[in-house]
Amino acid sequence: MDSSNQNSHPQITNQSSNSLQFTIHLPQSSNIDSNPNQDPNSNPNPSENPSSNAAFVQNQTVSAPIPKKRRRGRPRNPASSVSQVKSIHSMHTSSSLSSVGVSVSSSSSGRVGKAQMENSSNQASNKNGSTSDSGNLSRRSTNDMMDEIIVINKEATAEALIALTAGFPADSLTEEEIDYGVVSDVDGIEQVNYILIRNHIITRWRENVSRFVTKEMFVNVVPKHCGALLDSAYSYLVAHGYINFGVAPAIKERISVDPSKPNVIVIGAGLAGLAAARQLMAFGFKVVVLEGRKRAGGRVYTKKLEAMGGKKVGFVDLGGSVLTGTLGNPLGILARQLSLTLHKVRDKCPLYSVDGKPVDPDLDKKVEDDFNQLLDTVSKHRQMMGEVSQDVSLGAALETFRGALSEEEMNLFNWHIANLEYANAGLVSRLSLAFWDQDDPYDMGGDHCFVPGGNGRLIQALVENVPIHYGKKVDAIRYGNDGVQVAAGEKVYKGDMVLCTVPLGVLKNGSIDFIPQLPQRKLDGIKRLGFGLLNKVILLFSHAFWGTDLDTFGHLSDDPSCRGEFFLFYSYATVAGGAVLIGLVAGEAAHRFEIMEPVVAVARVLRVLRGIYEPQGIEVPEPLQSVCTRWASDPFCCGSYSNVAVGASGDDYDILAESVGDGRLFFAGEATTRRYPATMHGALLSGFREAANMAHYAKIRASGLKIEKNPSENAYACASMLADLFRAPDVEFGCFALIFGRKRADSMAILRVTFGGQRKKQDQQYSNKLLFEQLQSHFNQQMDLHVYALLSKQQALELREVRGGDEAKLNHLSEKFGVKLVGRKGLGPAADPVIASIKAERIRGRRMSKSSGGCSKPNIKTV
Ligand SMILES: Cc1cc2nc3c(=O)[nH]c(=O)nc-3n(C[C@H](O)[C@H](O)[C@H](O)COP(=O)(O)OP(=O)(O)OC[C@H]3O[C@@H](n4cnc5c(N)ncnc54)[C@H](O)[C@@H]3O)c2cc1C
């Protein structure tokens, strides 16, 4: 910034050297740091926060529920969450296994009976003393041992808990683990042992995330006959970034280039690009990162505001700011590695009316409850609407079902809409009714937190030793059998693989030329998904006239088109090192804000603040400095973050994540993660995911094996068809659902087994019951794991008749039919024609029933 602009009167200046099109308002002498991400060391006023693992987990979870007003995302109705609480352990029948905290699902272990009975006595004795049953094991044959559930230590319950916080179901496999082939038998005791080992490794690392855990550290605790499972669990966790990731010295010093490993080009030095680059470097790859801007961090950008000759400063996040849930959040782990004490965003969030008066708390609560109920009503209706809901907007549905409201209630209602538009960076009139909240079940649990001094501190740690070429705007990516070429201006970079992490907005505007063109389904996905807008006005004051006892407050508008303008303020006073206030601008207002003169914007925000505080006798001074963001005008993102627009679905995130060109061109970034889109942790995790994916492809290529084509258009279509078809299965019993062609008796059927949905509540008491309940309510929806099998229709119907519940049926499935349960992808191409023909038959059936004016044959359902 040119210091000649400094004078005692307000000045508005454009910082054109910065690719983020923000403007700075500088009433007083100031000196702006051009790259504040490089200077995040000040740790202003950090709040007390535990950094040890146990204390960290406990402290994050026993706090009060997150207040809805400041949740990014749809507020969840506490009543419905409570009713969803199910015990982790309840899914299972074995008391012996429950005693070690991990139980074998009656539905997931066909051979549970005998082995469990035997094992219960072992474990009883173990409980009374020895922490290992190696003595007993040595007296048995290997075959017997294979059928034993191992005991690693007595802390299996606690370890299951830590695994939950890391994003794993405590007692089952994730779909990714199944696809990775971590065990040879998905529904057996091998799986239970794998889970015990996996949970143990995660726990050991999380006890001290600053160290590097080696496989050898576990050799003495894992029984010898489970060596292969130890290999499998350790390599899965390392490859997928669940352990040994981050910025601790012990982890960084392991990085060394392996000349035999491929060259990788990463495009974009945001969280996704940096996470992937670091992981790939840890795997020995040669990596170069091309970044269009002159700084790293992308949509994470901590700006240092400075005034009065440096006497007043404030570090503030212009982009991603809140760690939305610290439970299992990998960014929380980075913070621990850096000994950063996070500041929990406090619950207090008063709302102020249009005239600046505080909103009556009773009315506030009533409208909030009504609003949440309305969201529940709307979501019930969308279920009844079926596929039609995919073509309807959330806004239209809310309007349809909302009751009559008084003027003040209407303003409050609009405030909640603004909050939704903020969380989704999109207008409710464009959000998909069917899928706008498809990521809700994966919401990270725990507190919402700020990093004191800004998230730039995390970025600064992540960029260390990563070879980043700044100012390299990529124009074209060429990919083929012989490798990749990436053109950035005059320069062409060559590599074996390329990872593209540019924001969805950049992909949408087509400023990168892909040669050959991206597959049509990816182009369609890019088009369908929404990429919305959130802006901020940031104000540095001489003092925090609003007080330091709260982190948020809101303001109502009586004009629906302005409802998002400064509807919520974040106080950064406790974390920025100075009196910084951030006003959020969401919805329609965010778009107008892009072209609003900064003087006008600052005048408008001051009017709001004076309307609130001056009647209380509190003077609102002129800000010392202000910054207005313009994320849509920024050519390196063209918006803020993704959302599910009308016509799109969660599948589109998966499509965006798909690699193309037979393992040459890969994609990461917040818009490629179905579970955690629009977040910083989602971006980071997508980087880890793609590093694993690239390493997998590199391994296959190095082994000389033919690379299996990426899911063909047909395979992809079959996968989404499968999800559709199971919405109305032909037969359902217990945790099983079947779809099959009805015409021919000898046709094939697809069986789906759901683990998790059948969990029963169990009375068992745990010392950390509250923690379990919180976690479980958080995970129970996502833990509805589906596994599949292809079998004949005859077998499928025979299975229905097997007596003895789910356990007996699973037994029958594996022992009598020899059928193996697999993840969706594991069904393979053999299932594609079966799925396609069932779909075709159903379409024909619907057409015929329409033309005959009757109803199609009802599905046969048994409970
Ligand atoms: C205003 C705002 C508020 C937010 N608030 C939160 C929040 O509170 N909590 C939260 O969790 N998340 C929040 N987010 C979202 C979060 O910041 C993003 O999801 C996350 O940072 C995205 O990371 P990424 O790596 O996917 O993309 P980016 O960070 O955008 O990284 C992509 C990189 O690619 C570069 N690039 C683009 N085009 C090219 C090209 N042609 N050539 C070379 N390089 C290129 C960009 O410069 C950028 O560095 C917010 C975002 C915004 C904008």
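Details
- Enumerated strands (runs of 3 or more DSSP E) restricted to region 491-551, each holding at least 2 residues that are more than 14 Å from the ligand (Cβ to nearest atom): 491-495, 535-541
- Some residue of region 634-651 being within 16 Å of the ligand (Cβ to nearest atom) and assigned to a helix (DSSP H, G or I): no
- Any helices (runs of 4 or more DSSP H) falling wholly within region 220-284 and containing at least 3 residues that are surrounded by 21 or more Cβ atoms within 10 Å (Cβ to Cβ) and modelled with pLDDT of 95 or more: 227-239, 271-282
- Beta carbons closer than 9 Å, at least 6 apart along the sequence or on distinct chains, never pair a first residue in region 368-389 that is not assigned by TED's automatic domain parsing to the domain that holds Ala418 with a second that is surrounded by fewer than 15 Cβ atoms within 10 Å (Cβ to Cβ) and modelled with pLDDT under 80.
- Total residues in region 320-344, condition within 10 Å of the ligand (Cβ to nearest atom), over 14 Å from Leu271 (Cα atoms) and not hydroxyl-bearing (Ser, Thr, Tyr): 2
- Of all residues making up region 606-630, the number that are part of a loop (DSSP other than H, G, I, E, B) and either buried (at least 24 other Cβ atoms within 10 Å of the Cβ) or more than 16 Å from the ligand (Cβ to nearest atom) (or both): 9
- Among (1) at pLDDT 85 or above; (2) part of a loop (DSSP other than H, G, I, E, B), the one test that Lys761 misses: (1)
- Selection status of Tyr236, away from the ligand (no atom under 15 Å from the Cβ), free of Cβ contacts under 8 Å to residues at least 60 places away in the same chain, among the hydroxyl-bearing types (Ser, Thr, Tyr) and not assigned by TED's automatic domain parsing to the domain that holds Gly471: yes
- Qualifying residue in region 326-334 (condition: more than 23 Å from the chain's Cα centre (by Cα), surrounded by 15 or more Cβ atoms within 10 Å (Cβ to Cβ) and not small (Gly, Ala, Ser)): no
- If you go through region 826-851 and keep only what is assigned to a loop (DSSP other than H, G, I, E, B) and modelled with pLDDT under 75, you end up with Gly828, Pro829.
- Of all residues in region 658-679 being touching a strand residue (DSSP E or B) at 6+ places or on another chain (Cβ under 6 Å) and either more than 8 Å from the ligand (Cβ to nearest atom) or at pLDDT below 95 (or both), the one that is nearest to Lys311 (Cα to Cα): Phe667
- Hits in region 294-319 - residues which are charged (D, E, K, R), within 26 Å of the chain's Cα centre (by Cα) and near the ligand (Cβ under 10 Å from one of its atoms): Arg295, Arg299, Asp317
- The lone exception for Val288 - which of (1) within 9 Å of the ligand (Cβ to nearest atom); (2) of a type outside the set (Gly, Ala, Ser); (3) modelled with pLDDT of 95 or more it fails: (1)
This table checks each residue for (1) surrounded by 19 or more Cβ atoms within 10 Å (Cβ to Cβ); (2) in contact (Cβ under 8 Å) with a residue 24 or more places away in the chain; (3) under 30 Å from Leu340 (Cα atoms); (4) in contact with a Ser or Thr (Cβ under 6 Å, 6 or more places away or on another chain).
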residue: Val537; (1), (2), (3), (4): yes, yes, yes, no
residue: Ser542; (1), (2), (3), (4): no, yes, yes, no
residue: Phe545; (1), (2), (3), (4): no, yes, yes, no
residue: Gly587; (1), (2), (3), (4): yes, yes, no, no
residue: Ala590; (1), (2), (3), (4): yes, yes, no, no
residue: Met596; (1), (2), (3), (4): yes, yes, no, no
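- Only one of Ala579, Ala603, Ala590 that is at pLDDT 95 or above, aliphatic (A, V, I, L, M) and within 16 Å of the ligand (Cβ to nearest atom): Ala590
- From the list Ser642, Ser633, the one residue that fits, being in contact with a helix residue (DSSP H, G or I) (Cβ under 7 Å, 6 or more places away or on another chain), surrounded by fewer than 21 Cβ atoms within 10 Å (Cβ to Cβ) and touching a residue at least 12 places away in the same chain (Cβ under 8 Å), is Ser633.
- Test result for Lys344, free of Cβ contacts under 8 Å to residues at least 40 places away in the same chain and either within 26 Å of the chain's Cα centre (by Cα) or closer than 30 Å to Ala434 by Cα (or both): no
- Filtered residues of region 450-490 (kept if assigned to a strand (DSSP E or B), within 10 Å of the ligand (Cβ to nearest atom) and surrounded by 21 or more Cβ atoms within 10 Å (Cβ to Cβ)): Phe450, Val474, Ile477, Val486
- Residues satisfying the stated conditions in region 213-248, i.e. touching a helix residue (DSSP H, G or I) at 6+ places or on another chain (Cβ under 9 Å) and either at positive phi or charged (D, E, K, R) (or both): Lys215, Lys224, Asp231, Gly241, Asn244, Gly246
The values are calculated or read from the model by the stated rules, or taken from the named source; none is laboratory data. The structure presented is a predicted model; accordingly, all values stated were derived computationally and were not measured. Neighbour counts are summed over all protein chains in view; Cβ atoms, including those assigned to glycine, are modelled from backbone coordinates with ideal geometry.
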